[in-house]
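Okay, structure first, notes after.
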Amino acid sequence: MKEQLEKIYSNAANDISKAASINDLEQIKAKYLSRKGEFNEIKKNLKNLSNEDKRIIGSLANEITEKLEASIKEKHDVFYQAELNKKLQQERIDVTLPGKFIPRGKVHPITSTTNEIVAIFQSLGFSVVESDKSPEVETEYFNFDMLNIPKDHPARDVQDTFYTTIAQNVVLRSQTSGAQIHVMEEQKPPIRVISPGRVYRNENINARKNNFFHQIEGLYVDKNITFGDLKGVLNEFIRIYFGSSRPTRFRSSFFPFTEPSAEVDVQCIMCGGKGCKTCSGTGWLEILGAGMVDPNVLNGVGIDPEVYSGFAFGMGIERLAMLKYAIDDIRLFFNDDLRFLKQF
Ligand code: DAH
């Protein structure tokens with residue numbers, strides 16, 4: 001039995017020395033050391049031996065088993081380390097390779113122009129009305145009624161304003177002026193706010209008109225506010241936005257919610273006032289509407305026009321961006337052409 005054991009041992013040792021992979025070693029383990037392996041077969045016969053032989057053969061069998069296990073483990077570790085090294089070598093990361101270029105987006109020119117205008121009015125003491133206070137899907141009450149716009153006013157016509165199917169009196173707002181009503185219904189004077197946002201009009205789209213665009217509304221209500229204050233604030237805004245050398249003029253005009261009303265023009269950017277296609281030969285371009293808040297509007301929101309007065313203004317953001325950057329087609333802002341958008 002002893003010889004048998006030694007024979008198996010030398011066979012196993014021989015196999016181990018020839019093993020070329022972890023897989024080979026697993027097979028050797030199964031062949032000799034598993035429950036059905038050759039050693040166990042021998043151990044099964046131990047019960048037939050004398051006690052003395054049992055002890056000798058048993059301990060020899062254990063010794064041999066331990067030796068085989070140790071040499072299998074030793075070889076296994078060598079293979080394992082070699083495989084690991086190979087893997088690490090293959091998967092090595094070259095940190096000197098150049099990174100992947102991730103193109104960076106830009107702020108849309110309408111957004112950046114809005115931010116710029118908002119910052120100017122903030123520097124003049126105006127605060128911004130949160131957009132959720134003045135929604136784009138609006139009732140006629142805010143968009144027209146409370147702004148003193150008569151029921152038969154042409155601006156209410158479906159030719160001009162988009163009506164929704166939500167309810168008969170719900171429109172896509174055609175101007176940001178409704179923000180004035182939202183603010184004055186919630187807040188008592190002094191009020192000094194601006195409210196930027198998108199507006200919608202049922203237009204035939206061309207280079208000058210889109211069926212949506214953006215406006216900034218302004219409102220200043222307090223005691224003793226005069227047309228002089230209106231001119232002071234708007235001239236200061238224009239000076240900061242266009243630079244001090246750009247001539248401006250106030251023209252009298254009409255809006256139902258202001259009295260008196262004015263429109264403000266700046267000298268045409270394209271021709272410097274000589275007259276061209278952009279300014280229809282006049283040398284001037286209109287940039288905003290403004291006026292003293294009509295007493296009817298103040299009365300409607302419960303502000304006493306005998307005590308308080310105020311001015312309001314509204315300007316088109318596309319128009320202001322087009323003038324600043326000499327853009328001749330409003331549609332460029334909205335057709336997502338990166339060649340255009342990347343320039344800002
Ligand atoms: N809402 C007017 C428009 O869309 C612009 C406007 C004119 C706003 C006069 C005002 C204002 O606040 O006082 O054409």
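Starting from the range 89-117, take each residue that is under 22 Å from L338 (Cα atoms) and list its partners that are at pLDDT below 90 and among the small types (G, A, S), counting only C-beta distances under 7 angstrom and pairs at least six apart or across chains.
none
For the condition more than 10 Å from the ligand (Cβ to nearest atom), more than 19 Å from R192 (Cα to Cα) and in contact with a strand residue (DSSP E or B) (Cβ under 8 Å, 6 or more places away or on another chain), what is the one hit in G273, G281, G243?
After ruling out the rest, the residue left standing is G273.
When you scan the range 270-285, how many residues do you find that are touching a residue at least 12 places away in the same chain (Cβ under 8 Å) and either assigned to a loop (DSSP other than H, G, I, E, B) or more than 20 Å from G316 (Cα to Cα) (or both)?
Summing the residues that are touching a residue at least 12 places away in the same chain (Cβ under 8 Å) and either assigned to a loop (DSSP other than H, G, I, E, B) or more than 20 Å from G316 (Cα to Cα) (or both) in the range 270-285 gives 6.
Could you list, in sequence order, the residues of the range 137-189 that are of a type in the set (A, V, I, L, M) and within 16 Å of the ligand (Cβ to nearest atom)?
Residues satisfying the conditions are M146, L147, I149, A155, V171, L172, A179, I181, V183, M184.
So, in the range 207-227, of the ones that are touching a strand residue (DSSP E or B) at 6+ places or on another chain (Cβ under 8 Å) and assigned to a loop (DSSP other than H, G, I, E, B), which residue ends up least open to solvent (accessible area, probe 1.4 Å)?
I225
Return yes or no: is R239 surrounded by fewer than 18 Cβ atoms within 10 Å (Cβ to Cβ) and in the same structural domain as F142 (by TED's automatic domain parsing)?
yes
Considering only residues of the range 84-100 that are open to solvent by less than 100 Å² (accessible area, probe 1.4 Å) and part of a helix (DSSP H, G or I), which is farthest from I22 (Cα to Cα)?
The extreme case among them is N85.
Quick grid of which residues meet (1) more than 38 Å from the chain's Cα centre (by Cα); (2) more than 30 Å from P109 (Cα to Cα); (3) open to solvent by 10 Å² or more (accessible area, probe 1.4 Å):
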{"residue": "E259", "(1), (2), (3)": "yes, yes, yes"}
{"residue": "I269", "(1), (2), (3)": "no, no, yes"}
{"residue": "G272", "(1), (2), (3)": "yes, no, yes"}
{"residue": "C276", "(1), (2), (3)": "yes, no, yes"}
{"residue": "I287", "(1), (2), (3)": "no, no, no"}
{"residue": "P305", "(1), (2), (3)": "yes, yes, yes"}
{"residue": "F313", "(1), (2), (3)": "no, no, no"}
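The values are calculated or read from the model by the stated rules, or taken from the named source; none is laboratory data. The structure presented is a predicted model; accordingly, all values stated were derived computationally and were not measured. Quick reminder, even Gly has a Cβ in these numbers, built from the backbone with ideal geometry, and neighbours come from all protein chains shown. Note: areas computed on protein heavy atoms with side chains; ligands, DNA, RNA excluded. Shrake-Rupley method; radii C 1.70, N 1.55, O 1.52, S 1.80 Å.
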